[in-house]
Amino acid sequence: MLLGSTGSIGTQALDVVAHNRDRFRVVALAAAGTRPALLAAQALEHEVEVVAIARASAAQDVQLALYAEAKRRGWSQGNARLPRLLTGPEAPVEVARLGCDVVCNGMDGAAGLRPTLAALEAGTSLALANKESLIIGGELVTAAARPGQIVPVDSEHSALAQALRGEDPADIRRLLITASGGPFRGRTRAELADVTPEQALAHPTWSMGPLVTVNSATLMNKGLEVIEAHLLFGIGFERIAVVVHPQSVVHSMVEYVDGSTIAQASPPDMRLPIAVGLAWPGRVPAAAAACDWTAPTAWEFAPLDDEAFPAVRLARRAGERAGTAPAVLNAANEVCVAAFLAGRLGFLAISDTVGAVLAEALAADGVVSSGEPAAPPLTVDSVLAADAWARERASTLVDRERRPA
């Protein structure tokens, strides 16, 4: 089952499936419905039984696209086996509850939280690319998951999971999450003042959606990954480091107490961690190309510049506070990135505004802090309320930023 099928992760996951039909079969798809022709083609190509459309207003467009795709394939009306449609905001949640072996959640943003919880509650193995659902859900998600039920699809966390497999947790010294450094690696804060959206979207090694690509430019993606690593592997924030590695071949490393470091290396291709997530604990032959060890090559590693890229520091602060603080961080960041892409906010103001929203929430006890003895238990409603508050507050600050002095 694939959630977010028309996005970057979804299309690559279906590519993995298409090359391994003897091993995988897709029983259901979920998508927003904004790309009806693509969704219809995916549904008929993989002969899925159910399609969930999060935007009810897109249902008719998808239905018409299914008929058009069936006609294009030369199917007569009697031979067209069209999937059952579920529509509305709860449709991805409904489909995530259906029985299958693996749910791959490649949805965008906070919308992935309820489907993640539904898949876990159904007892299904969860190949998780929607990092936001884990980050904002925190203890809600980890409490719902049995050991090993969540298999990370992020390349960094897939690398960590592979490097940790079979090792004694007591032997772990620290986790090292690698970062390409994005398109602005090596620039000072002053040199980032006039960055444009076009420059921020020109990632040197990965092809991703606009939100993730801008997050890579600000390094907010690494901050979110630090929180994700903490939640997935139970390692304290003080033992999770970010290391800049521009080649994006070493996807992350685990340093052990005896001085050994185990790294997972492969050319930058998301089909590999997707295949690992779908087949875990097995592997899919030829899922992606391997490193070419016959050609001379060099790998670089450098420390993170916290002054130019403060997003990781902000994420650590939110992660250590826990509760709804990560939801505030994530929501404010999504609003600020959208404003930047629309030309309404400067590049440096993304992290500055996110920091202001987070600081305001923490100072005003605007978050539910799960680490405090008297704090109420975290709930989906409290997470989504924090998400909504942060979006509104960030929007207000963005508007204020644009207003002339």
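The values are calculated or read from the model by the stated rules, or taken from the named source; none is laboratory data. Here the structure is a predicted model, which means the values were calculated and not measured. Ideal geometry is used to build each Cβ from the backbone, glycine not excepted, and the neighbour counts take in all protein chains shown.
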So how many residues does the range 33-56 have that are buried (at least 19 other Cβ atoms within 10 Å of the Cβ) and either basic (Lys, Arg) or more than 18 Å from GLU69 (Cβ to Cβ) (or both)? 2
Inside the range 266-283, can you point out the residues that are under 18 Å from the mean Cα position of the chain (by Cα) and in contact (Cβ under 8 Å) with a residue 24 or more places away in the chain? PRO268, MET270, ARG271, LEU272, PRO273, ILE274, ALA275, VAL276, GLY277, LEU278
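Does the range 116-174 hold any residues that are of a type in the set (Lys, Arg) and under 24 Å from LEU378 (Cβ atoms), and which are they? Steps first, answer last, please.
At the first step, the residues of the range 116-174 found to be of a type in the set (Lys, Arg) are 131, 146, 165, 173-174.
Result: LYS131, ARG146.
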Selected residue (criterion: surrounded by the most Cβ atoms within 10 Å (Cβ to Cβ)) from residues of the range 359-400 that are in contact with a Gly (Cβ under 9 Å, 6 or more places away or on another chain) and at pLDDT below 80: VAL367
Output the residues belonging to the range 200-225 that are out of contact with any Phe, Trp or Tyr (no Cβ under 7 Å at 6 or more places or on another chain), at pLDDT 95 or above and not basic (Lys, Arg). MET220, GLY223, LEU224, GLU225
Counting only residues in the range 206-265 that are free of Cβ contacts under 8 Å to residues at least 24 places away in the same chain and of a type in the set (Ser, Thr, Tyr), the one nearest to GLU191 (Cα to Cα) is identified as THR213
I'm trying to understand the selection: among the residues of the range 113-124, which are in a helix (DSSP H, G or I) and within 22 Å of LEU272 (Cα to Cα)? THR116
Hey, can you tell me all the residues within the range 287-297 that are free of Cβ contacts under 8 Å to residues at least 12 places away in the same chain and not hydroxyl-bearing (Ser, Thr, Tyr)? ASP292, TRP293, ALA295, PRO296
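If you go through the range 116-159, how many residues are of a type in the set (Val, Ile, Thr) and buried (at least 24 other Cβ atoms within 10 Å of the Cβ)?
Selection size over the range 116-159: 5.
Residue-by-condition table, conditions (1) modelled with pLDDT under 95; (2) assigned to a loop (DSSP other than H, G, I, E, B); (3) surrounded by 10 or more Cβ atoms within 10 Å (Cβ to Cβ):
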| residue | (1), (2), (3) |
| --- | --- |
| ILE274 | no, no, yes |
| LEU278 | no, no, yes |
| VAL284 | no, yes, yes |
| THR294 | no, yes, no |
| GLU300 | no, yes, yes |
| ASP306 | yes, yes, yes |
| VAL312 | no, no, yes |
Restricting the range 125-180 to residues that are in contact with a Ser or Thr (Cβ under 8 Å, 6 or more places away or on another chain) and in a loop (DSSP other than H, G, I, E, B), the one nearest to ALA311 (Cα to Cα) turns out to be SER180
Quickly run through the range 80-101 and pick out the residues that are buried (at least 18 other Cβ atoms within 10 Å of the Cβ) and part of a strand (DSSP E or B). LEU86, THR87
